[in-house]
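K.L.:
I have a structure here, written as structure tokens, and I will follow up with some questions on it.
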Amino acid sequence: MQRRHFFVLAAALGITPLMAGCGPKWIVLTQAAPNPLLNQNKFAMMPTDYTGLIVGEKSEADYLASKDEESRASWAGDKGGIDTEFNKRLTEGAAEAGITIVKATGPGDAPFMIRPKVEFIEGGIFTYVYNKPSEVRMKVQITTPDGKVIDEIAIKHGTPAGITNPAIGNRLRDDGEALGKITAQYLKMRVTGAQ
């Protein structure tokens, strides 16, 4: 009898870590109720905001001050890669639910705006001795065209550094892609009303 309890306990402990990964991949900071996003099918994407960005343990300005011109250009390209992958994956994921996302050009583009803001980036480190994953932390607001916040979520993603993924830019692009997918999941949930 005790043996069966051991196996039940072992099985439960083995399943618990798996179940921990099943919840939402975002933290809700603000969520309007009743839900004004229900059955909406068009959103406009604002450019990603990097104001106040922290890179590792430094402000972006301090981080860039220690870099040469080539490294600064590479950093701009890395941020552009995050944006490209985020926008692409969010647009594709939303389209699966019949949601159109257009580039914001003015207040008449869509009834709601998506406003991503990257607050923290850790590029990670790859060496043959020590590896550190990248990490990108972002807040995403859904607002009315005049800026009234309807919903706001906090999301983050990290990509392991290794021999198959040694470059910072590639890891950050992977993070941007994952953040776009997470945002699409949240948007689909709010538009469809599914939990």
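The values are calculated or read from the model by the stated rules, or taken from the named source; none is laboratory data. This is a predicted model, so every value here is computed, not measured. Quick reminder, even Gly has a Cβ in these numbers, built from the backbone with ideal geometry, and neighbours come from all protein chains shown.
K.L.:
Hey, does the stretch 162-182 have a residue that's in contact (Cβ under 8 Å) with a residue 24 or more places away in the chain, part of a strand (DSSP E or B) and of a type in the set (Gly, Ala, Ser)?
P.N.:
Yes, the stretch 162-182 contains a residue that is in contact (Cβ under 8 Å) with a residue 24 or more places away in the chain, part of a strand (DSSP E or B) and of a type in the set (Gly, Ala, Ser).
K.L.:
Something else about it: Tally the residues that are in contact with a strand residue (DSSP E or B) (Cβ under 8 Å, 6 or more places away or on another chain) and either at pLDDT below 95 or under 24 Å from residue 88 (Cα atoms) (or both), restricting the search to the stretch 30-53.
P.N.:
13
K.L.:
Next question, about the same structure. May I ask you to list the residues in the stretch 98-124 that are within 12 Å of residue 41 (Cα to Cα) and in contact with a Leu (Cβ under 8 Å, 6 or more places away or on another chain)?
P.N.:
Residues satisfying the conditions are 99, 101, 112.
K.L.:
Next up: Right, residue 119: closer than 16 Å to residue 56 by Cα and not in a helix (DSSP H, G or I) or not?
P.N.:
Judged against the criteria, residue 119 is a match.
K.L.:
Given the criterion touching a Gly at 6+ places or on another chain (Cβ under 6 Å), more than 19 Å from residue 87 (Cβ to Cβ) and of a type in the set (Gly, Ala, Ser), identify the matching residue among 184, 167, 161. Please lay out each step first, then the result.
P.N.:
Numbers: 184 fails: more than 19 Å from residue 87 (Cβ to Cβ); 167 fails: touching a Gly at 6+ places or on another chain (Cβ under 6 Å).
Going through 184, 167, 161 in turn, the sole match is 161.
K.L.:
Here's a follow-up. Evaluate the following for residue 93: is it within 18 Å of residue 180 (Cα to Cα) and either crowded, with 19+ Cβ neighbours inside 10 Å or without any contact (Cβ under 8 Å) to a residue 40 or more places away in the chain (or both)?
P.N.:
yes
K.L.:
Still on this structure, I have one more. Considering only residues that are part of a loop (DSSP other than H, G, I, E, B) and touching a residue at least 12 places away in the same chain (Cβ under 8 Å), look in the stretch 129-146 and name the one that is surrounded by the fewest Cβ atoms within 10 Å (Cβ to Cβ).
P.N.:
146
K.L.:
Turning to a different aspect of this structure: May I ask you to verify whether residue 159 is more than 22 Å from residue 51 (Cα to Cα) and surrounded by fewer than 18 Cβ atoms within 10 Å (Cβ to Cβ)? Break it down into steps so the answer makes sense when it comes.
P.N.:
Details: more than 22 Å from residue 51 (Cα to Cα): yes; surrounded by fewer than 18 Cβ atoms within 10 Å (Cβ to Cβ): no.
Taking the combined requirement at face value, the residue does not satisfy it.
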